[in-house]
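Trainee: Once you've had a glance at the structure underneath, I'll fire off some questions.
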Amino acid sequence: MQLLDGKFLSKQIKQEIATEVAQIRERGGKIPHLVAILVGNLGRSETYVSSKMKNCEEIGMKSTLIRFDDTVSEAELLAKVEEVNNNPDMDGLIVQLPLPAHISADKVMETIHPAKDVDGFHPINIGRMAKGLPAYVSATPQGILEMLKRYEIETAGKHCVVVGRSQIVGLPMSILMQRNTYPGNCTVTLTHSRTQNLAEITRTADILVAALGKPEFITADMVKEGAVVIDVGLETVPDPTKKSGFALKGDVKFDEVAPKTSFITPVPGGVGLMTICSLMQNTIKAAQGEIYS
Ligand code: NAP
């Protein structure tokens, strides 16, 4: 078993991005600028956004955080999105999800200009990604592809089983893994909460992507010997042995599954760190007009 080490890889990628930003600065180019909109003060969202902003600063990129109370109206939020769309200094825009119930996340995502949609959630980017055209790809699946690439994991002809069909992880992951490219060319099975005999299906996976948000759901009996296991899950569970009183858990029961695998991502220290790198890479692409010129 070998760890797919997100900590190591993300450090390497951050270094590469920092060098790229420094070169842009040296030649007097536009410093990539990521804008995040945060509505309300949900603890988890606060943590994710501040980590994204901190990482941007560390590598020399510009970042701006725009905050709203959770009482903000949908119209006010959409007006701010339009303002960012029209600001040439702002290259990438993310709106941290979830949003309060009175605001349509779909409407917000569709209002972000596709050329600034570095999260890859706009229908145009999802459609272009599905067609294999240049597009912003959702940050977590893109980070997973980067991991598979850097560890030179063979994917062609393999059976990839994705557990979870969310718009931001499972669905794009399934589309990406079936594409006629590397990483890709897998035979893909996309599963969800209505899937029958899930364990029978996951046991046939050469590459298993768990993205369901149920801590330690995937147990050893659900995994084939030698499989590559990608654990996207990231949930906090109470843990009295920890000073904070909680621990981060993935969707995979790591201790019993890991010995059966050829490669596995740990939680924390796996996919999560790659996600932030993808976001920064997408923001550089946005600043340079690489996808939409
Ligand atoms: P989500 O929107 O809640 O979707 C969960 C998916 O899992 C749904 O498609 C659901 O099926 C499916 N599911 C739920 N219970 C299941 C079961 N018992 N068997 C099979 N499928 C089941 O979640 P998400 O946003 O994709 O996030 C999933 C996990 O990844 C969470 O823990 C989240 O925190 C984590 N995450 C991590 C990162 C990162 O950077 N590391 C990024 C994003 C998300 P239905 O469609 O039928 O309801």
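The values are calculated or read from the model by the stated rules, or taken from the named source; none is laboratory data. Since the model is a prediction, treat every value here as computed from it, not as a measurement. Neighbour counts are summed over all protein chains in view; Cβ atoms, including those assigned to glycine, are modelled from backbone coordinates with ideal geometry. Side chains included, ligands, DNA and RNA excluded: accessible areas come from the protein's heavy atoms. Shrake-Rupley method; radii C 1.70, N 1.55, O 1.52, S 1.80 Å.
Trainee: For segment 203-293, give the percent of accessible area contributed by carbon and sulfur heavy atoms, probe 1.4 Å, rounded to a whole number.
Mentor: In segment 203-293, the share of accessible area belonging to carbon and sulfur is 56 percent.
Trainee: For the chain, report the convex hull volume of the alpha-carbon atoms normalised per residue, in Å³, without decimals.
Mentor: Convex hull volume per residue, Cα atoms: 135 Å³.
Trainee: What residues qualify as long-range amide H neighbours of Ile218, i.e. H under 5 Å apart, gap of 5 or more or another chain, H built at 1.01 Å from N?
Mentor: Val252, Lys253
Trainee: Taking all protein chains as present, what is the carbon and sulfur share of the accessible area of segment 37-196, in % to the nearest whole number, probe 1.4 Å?
Mentor: Of the solvent-accessible surface of segment 37-196, carbon and sulfur hold 50 percent.
Trainee: Apply 1/(1 + (r/R0)^6) to the Cβ-Cβ distance of Lys30 and Ala156, taking R0 = 45 Å, and write down the FRET efficiency to the nearest 0.05.
Mentor: 0.75
Trainee: Here is a further query. What percent of all Cα-Cα pairs in segment 191-248 falls in each 5 Å bin, counting up from 0?
Mentor: The calculated distribution, bin by bin, is 4, 17, 23, 22, 13, 10, 7, 3.
Trainee: Let me ask something else about it. Amide H neighbours of Ile37 under 5 Å, counting only residues 5+ apart in sequence or on other chains, H built in-plane at 1.01 Å?
Mentor: The list, which skips near neighbours in sequence, is Ile66, Ile94, Val95, Gln96.
Trainee: Setting aside same-chain residues fewer than 8 positions from Lys30, which lysines have a Cα under 27 Å from its Cα?
Mentor: Within the straight-line limit of under 27 Å, Lys30 reaches these lysines: Lys11, Lys14, Lys52, Lys54, Lys62, Lys80, Lys116, Lys285.
Trainee: Right, another one. Each residue of segment 93-98 in turn: what ³J(HN,Hα) in whole Hz from Karplus with 6.51, -1.76, 1.60 and θ = phi - 60°, glycine and Pro shown as x?
Mentor: 10, 10, 10, 5, 9, x
Trainee: Let me ask something additional. Rounded to the nearest 0.05, what FRET efficiency do Glu57 and Asn85 have when you use their Cβ-Cβ distance and R0 = 22 Å? Show your work: numbers first, answer last.
Mentor: On the way: r = 23 Å, r/R0 = 1.06.
Using R0 = 22 Å, I get an efficiency of 0.40.
Trainee: Could you report the chain's accessible area per residue, 1.4 Å probe, as an integer in Å²?
Mentor: 47 Å²
Trainee: On to the next question. Gln167 versus Phe246, label points 7 Å from Cα toward the beta carbon: distance in nm?
Mentor: 2.5 nm
Trainee: Right, here's the next one. For the pair Glu256 and Arg203, how long in nm is the line joining their label points, each one 7 Å along Cα→Cβ?
Mentor: If labels sit at Glu256 and Arg203, their model points lie 1.4 nm apart.
Trainee: Using the Karplus curve 6.51 cos²θ - 1.76 cosθ + 1.60 with θ = phi - 60°, what ³J(HN,Hα) values do you get for each residue of segment 250-266, in whole Hz, with x for Gly and Pro?
Mentor: The phi angles translate into x, 7, 10, 7, 3, 4, 8, 7, 3, x, 7, 8, 8, 9, 8, 8, x Hz.
Trainee: Assuming a viscosity of 1.306 mPa s and a temperature of 10 °C, what translational diffusion coefficient in µm² per second does Stokes-Einstein assign to segment 1-80, Rh being the Kirkwood radius over Cα pairs?
Mentor: After rounding, the answer is 107 µm²/s.
Trainee: Do any trypsin sites (Lys or Arg not before Pro) in segment 9-118 lie in a loop, going by DSSP, with at most 16 other beta-carbon atoms within 10 Å of their beta carbon, and if so which? Kindly include the intermediate steps, with their values, before the conclusion.
Mentor: Details: sites: Lys11, Lys14, Arg25, Arg27, Lys30, Arg44, Lys52, Lys54, Lys62, Arg67, Lys80, Lys107, Lys116; in loops: Arg27, Lys30.
Answer in residue order: Arg27, Lys30.
Trainee: May I pose another question? Just for the Cα atoms in segment 153-293, what are the lengths along the principal axes, largest first, rounded to whole Å?
Mentor: Result for segment 153-293: principal-axis Cα extents of 51, 40, 29 Å.
Trainee: Suppose we flag GluC sites (Glu not before Pro) only when DSSP calls them loop and at most 16 other Cβ atoms lie within 10 Å. Which is the longest uninterrupted stretch of the chain?
Mentor: Numbers: sites that count: Glu152, Glu154, Glu225, Glu290.
Counting only loop sites that pass the neighbour cut-off, the longest clear stretch is 1-151.
Trainee: Further, regarding this structure: Could you name the lysines whose alpha carbon sits less than 21 Å from that of Lys224, not counting residues in the same chain fewer than 8 places away?
Mentor: Of all the lysines, those that pass the test against Lys224 - Cα under 21 Å, at least 8 places apart if same chain - are Lys158, Lys214, Lys253, Lys260.
Trainee: Between Leu212 and residues 5 or more places away or on another chain, which pairs have amide H atoms under 5 Å apart, with H built 1.01 Å from N, and which residues are they?
Mentor: Amide H to amide H, under 5 Å and 5 or more residues apart or across chains, Leu212 pairs with Gly233.
Trainee: Mind pulling the per residue volume of the convex hull built on the Cα atoms of segment 127-220? Å³ is fine. Spell out each step's value before the answer.
Mentor: Details: hull volume 9.8 nm³, N = 94.
For segment 127-220, the hull spanned by Cα atoms encloses 104 Å³ per residue.
Trainee: What FRET efficiency comes out for the pair Asn41/Glu74, r = Cβ-Cβ distance, R0 = 22 Å, nearest 0.05?
Mentor: It comes to 0.75.
Trainee: What list of ³J(HN,Hα) values in whole Hz, one per residue of segment 221-238 in order, does the Karplus curve 6.51 cos²θ - 1.76 cosθ + 1.60 (θ = phi - 60°) give from phi, with Gly and Pro shown as x?
Mentor: 5, 9, 10, 6, 4, x, 5, 9, 10, 10, 9, 8, x, 8, 10, 9, 10, x
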